[in-house]
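Encoded as structure tokens, the structure appears first; notes follow it.
The values are calculated or read from the model by the stated rules, or taken from the named source; none is laboratory data. Note that the structure is predicted; figures quoted are calculated from it, not measured. No Cβ is skipped: glycine too gets one built from the backbone with ideal geometry, and neighbour counts run over all protein chains shown.
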């Protein structure tokens, strides 16, 4: 089962510069474990004290995962995951 | 009564208009709150005037004072108008990748602009403004990201106006920047309409804007309280442009690009309600008109050309 994950510029040191990588998992947590196997260290940058890092936003099909179960958010084949740092708007 | 002692009095009480052609069915209706009908043409007039009046009440602002604010545009323009009428000097810290119209308007209103680097977007503007504030302790930074008067403006005006005009409201959709509109309006509506859904549409910019050196340089506005929201969508430039164009083509409303992002999230909520066979009255914010974005290329050529033209710009 393939899930496309978009990686922000500041985390591409972990993906050899790749903007998107493929991963697998039934949940976001599972996906991050899978990604960490291929790109060691990536998971540590996304998770702090067992929860999503305060300044990391993750979207599944454009919806913020903090409103869909956070790390327990379920994933399906073909889902698109976007990781972005939290920045100011306004 | 539509007569006011000065422009400042003409704040708010904006029209809420139905979108019969974009609404999926007579049971699932979309309503646009035309915030471009404010004194300087954007929703930010509400926050700006409330923040200035709160600072005056607290004795922070006295005639002749200098106001400092990090802003990507609309808040600066609103503050510049109010500052001019009230006798303050305004210094804006603004990312250099914002539209030329915003810079020209700010300058015309008499504001001074300190440009911040394009890379890092508004984060850099906020960081720079905080540094400048330290160097000028006599300047007053209203700080829209953390000033309770920003959200309070919407709690006291935007929320009550929407509920008065649409008592059957089921969804409220707005853009997420400082979070003031969503926090203030959302809190008010949650108190009055128990099952209301409060939906945030967050613009997703090109990579340059997310060019932080480190995740720990990230930023979440102090005003933000996730418990006010039901959900939050990230909307990229393509969808925002598509909806901005649809709004003018189908309903005749000429709005800015961030409104396209908001409409995209509103249409998703509408589609979901229609599919579930539920009735819905969905109110969303038209944050400003399209005038200030003509030079970005958003309204000319194909969607792909417009999307390419927006790359690297702060379009919301």
Item checked: Extreme residue, surrounded by the fewest Cβ atoms within 10 Å (Cβ to Cβ), among residues of region B:83-102 that are under 17 Å from the mean Cα position of the chain (by Cα) and away from chain A (no Cβ under 14 Å) -> B:101
Next item on the list: Just one of (1) crowded, with 20+ Cβ neighbours inside 10 Å; (2) away from chain A (no Cβ under 12 Å) trips up residue B:176, so point out which.
Entry: (2)
Next item on the list: Report, by residue number, each residue of region B:189-204 that is more than 12 Å from every other protein chain (Cβ to nearest Cβ) and crowded, with 22+ Cβ neighbours inside 10 Å.
Entry: B:189
Margin query: Name the residue that is nearest to the other protein chains (Cβ to nearest Cβ), counting only residues in region B:118-147 that are outside any loop (DSSP other than H, G, I, E, B) and under 9 Å from residue B:68 (Cβ atoms).
Written below: B:129
Notebook entry, point to check: Where residues in region A:61-82 are at the interface with chain B (Cβ under 10 Å from one of its Cβ atoms) and in contact (Cβ under 8 Å) with a residue 12 or more places away in the chain, which of them is surrounded by the fewest Cβ atoms within 10 Å (Cβ to Cβ)?
Noted result: A:61
Note to self: Which residue is nearest to the other protein chains (Cβ to nearest Cβ), if the candidates are limited to region B:229-240 and must be buried (at least 20 other Cβ atoms within 10 Å of the Cβ) and assigned to a helix (DSSP H, G or I)?
What the structure shows: B:239
Checklist line | Test result for residue B:153, farther than 22 Å from residue B:257 by Cα and either within 14 Å of another protein chain (Cβ to nearest Cβ) or outside any helix (DSSP H, G or I) (or both) | finding: yes
Next item on the list: Test residue B:309 against the stated conditions and say whether it is surrounded by 16 or more Cβ atoms within 10 Å (Cβ to Cβ), under 30 Å from residue B:195 (Cβ atoms) and outside the structural domain of residue B:11 (by TED's automatic domain parsing).
Entry: no
Check: Only one residue in A:29, A:63 is modelled with pLDDT of 95 or more and in contact with a helix residue (DSSP H, G or I) (Cβ under 7 Å, 6 or more places away or on another chain), so which one is that?
Finding: A:29
